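The values are calculated or read from the model by the stated rules, or taken from the named source; none is laboratory data. No experiment lies behind these values; they were computed from the predicted model shown. Here the Cβ positions follow ideal geometry from the backbone for every residue, glycine too, while neighbour counts run over all protein chains shown.
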Amino acid sequence: MYTDMELEQLRKEAVNQFWIRIGIVIIVALCCVKLSPFLMLFVALTGIVVVALLPNSRKKKYIEGVKDSAVRSLFEKAFGSVSVDYSRGFSKNFISDTGLLTMGNEYSSDDYVSGEYNGVSFSRSDVYVADTTSDGEGNSSTTVYFEGRWMVFKFPKKLSGDLQVFEKSFHYAKKRKGLFTRKTERRHEIFLEDEDFNKRYVVMAQDDHDAFYFLTPHMMEKIDRYCSNSDGRFMLGIIGPYLHVAINNSKNPMEPSIFRKNDVEEVRAEVSNEIELIRRTVEEFNLDIYQ
């Protein structure tokens, strides 16, 4: 594992490698100016895109070093043995099969971590879901459905059906209530006695008894407090033996940048927040009581 000084040196080397390539692009572009200003502009713009996409060995080494120092180290310190994979996350099918989120034609997931806290197994990953469309003139537009953290916890009790709770501001949550949804997967909206809760959240369930059993006044208070302390739009789903918590905050918090000094400390702060959130989820929703 690298020291912070060694990581800073790697970051500087990665930045230097980037700017050397940009310098080469500028020199080549300037050589084209006599032929055509438009050619110069084309070469410059194309070159910058190519440089951004080209592998940067120092950048890769730096990012992996930061993640080992900030992600793996802190998660192991907090939870003991953990499984970490920076390059992969939850599969698209895994997220789609929950029926909690509208899926687009773009999907990525990385920074997977799994472990156990107070006897409760958990896993988390950064998830990105979007949909890109093009018109007849070739203009494209992208709608981001979800970008943030997705956490999964072993749920101690088995409900008779799915239960979904999400903020009304959480756009693109999938309700599974249409006529074209299979009857065995269909959910329906229910309203609770707490009017303030109904104003802020949508509750979709397959079984009313289970929903009211879980969503006691005390639990609604916990959900509201948890949501208020989250850094994005919140959704909870109980699907089979698992509790899913999705927070849409337009962030990829564990991804360091070579252009920011002291980024190791910033990533460590983000990881500490992730660890605290995992602990808080287990404790807030009493997931450890029946273990």
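Taking LEU45 as the residue in question, decide whether it is touching a Cys at 6+ places or on another chain (Cβ under 7 Å), farther than 16 Å from GLU255 by Cβ, surrounded by fewer than 18 Cβ atoms within 10 Å (Cβ to Cβ) and without any contact (Cβ under 8 Å) to a residue 40 or more places away in the chain. Full working, then the answer.
Values: touching a Cys at 6+ places or on another chain (Cβ under 7 Å): no; farther than 16 Å from GLU255 by Cβ: yes; surrounded by fewer than 18 Cβ atoms within 10 Å (Cβ to Cβ): yes; without any contact (Cβ under 8 Å) to a residue 40 or more places away in the chain: yes.
So LEU45 does not fit the description; no.
Looking at (1) exposed (fewer than 15 other Cβ atoms within 10 Å of the Cβ); (2) part of a helix (DSSP H, G or I); (3) of a type outside the set (Phe, Trp, Tyr), can you tell me which one GLN17 breaks?
(1)
Among the residues that make up segment 160-168, is at least one of them surrounded by fewer than 18 Cβ atoms within 10 Å (Cβ to Cβ) and either more than 21 Å from ARG225 (Cβ to Cβ) or modelled with pLDDT under 90 (or both)? I'd like the intermediate steps shown before the answer.
Within segment 160-168, the first condition is being surrounded by fewer than 18 Cβ atoms within 10 Å (Cβ to Cβ), and the residues that meet it are 160, 168.
Keeping just the survivors that are either more than 21 Å from ARG225 (Cβ to Cβ) or modelled with pLDDT under 90 (or both) gives 160.
Yes: one or more hits.
Name the residue that is nearest to ILE238 (Cα to Cα), counting only residues in segment 127-144 that are surrounded by fewer than 21 Cβ atoms within 10 Å (Cβ to Cβ) and in contact (Cβ under 8 Å) with a residue 40 or more places away in the chain. Show your work before the answer.
Within segment 127-144, the subset surrounded by fewer than 21 Cβ atoms within 10 Å (Cβ to Cβ) is 128, 130-144.
Next, only the ones that are in contact (Cβ under 8 Å) with a residue 40 or more places away in the chain stay: 128, 144.
Numbers: TYR128: 21, VAL144: 24 Å.
Residue satisfying both the conditions and the ranking: TYR128.
Identify the single condition in (1) touching a residue at least 60 places away in the same chain (Cβ under 8 Å); (2) farther than 28 Å from LYS60 by Cα; (3) buried (at least 18 other Cβ atoms within 10 Å of the Cβ); (4) hydrophobic (A, V, I, L, M, F, W, C) that ILE289 does not satisfy, given that it satisfies every other one.
Failed condition: (3).
If a residue counts only when it is small (Gly, Ala, Ser), which strands (runs of 3 or more DSSP E) contained entirely in segment 140-232 have at least 1 such residues?
Working: elements: 140-154, 163-167, 188-190, 201-205.
In segment 140-232, 140-154, 201-205 are the strands (runs of 3 or more DSSP E) which contain 1 or more residues that are small (Gly, Ala, Ser).
Looking at (1) hydrophobic (A, V, I, L, M, F, W, C); (2) more than 30 Å from PHE166 (Cα to Cα); (3) surrounded by 15 or more Cβ atoms within 10 Å (Cβ to Cβ), which one does VAL33 not meet, given that it meets all the others?
VAL33 satisfies every listed condition except (3).
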